[in-house]
Amino acid sequence: MAEARLEGGVPQTAGWFVLNARDAPWLHNELRSVAKFGGEGSARYPVEQAAIRHGAGVEAEGDPPYARFSEPRPGPPPAGI
């Protein structure tokens with residue numbers, strides 16, 4: 001597998017990458033804070049039947065990931081990271 005191309009800590013192409021969590025884009029909503037390690041470019045969420053059975057997958061490659069909470073908002077890493 002090839003190395004992914006990163007822009008602003010976000011993979012733009014499919015492949016492997018190494019990223020310090022402090023350098024990743026962070027998103028926050030009323031329930032959680034999460035580092036966004038998913039891609040914005042040609043990298044896509046794969047169709048995974050086990051994830052779909054648990055309500056957490058995508059029906060077709062390229063679909064946006066399933067989310068059950070409000071849309072997260074950008075922000076800094078949480079304290080302690």
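Any idea which of (1) under 14 Å from the mean Cα position of the chain (by Cα); (2) modelled with pLDDT of 80 or more; (3) surrounded by 15 or more Cβ atoms within 10 Å (Cβ to Cβ) is the one residue 16 doesn't satisfy?
The number of the failed condition is (3).
Across segment 59-76, what is the total count of residues that are at pLDDT 80 or above and within 18 Å of residue 11 (Cβ to Cβ)?
Looking only at that region, the number is 1.
Would you mind stating whether residue 39 is in contact with a helix residue (DSSP H, G or I) (Cβ under 7 Å, 6 or more places away or on another chain), surrounded by 10 or more Cβ atoms within 10 Å (Cβ to Cβ) and either in a helix (DSSP H, G or I) or at pLDDT below 80 (or both)?
no
Within segment 6-29, track down each residue that is of a type outside the set (A, V, I, L, M) and in a loop (DSSP other than H, G, I, E, B). It would help to see each step written out before you state the result.
Looking only at segment 6-29, we keep the residues that are of a type outside the set (A, V, I, L, M), and these are 7-9, 11-13, 15-17, 20, 22-23, 25-26, 28-29.
Hits for segment 6-29 are 8, 9, 12, 13, 15, 17, 20, 25, 29.
The values are calculated or read from the model by the stated rules, or taken from the named source; none is laboratory data. Note that the structure is a prediction, hence the values are computed from the model and not measured. Every residue, glycine among them, receives a Cβ derived from its backbone with ideal geometry; neighbour counts consider all protein chains shown.
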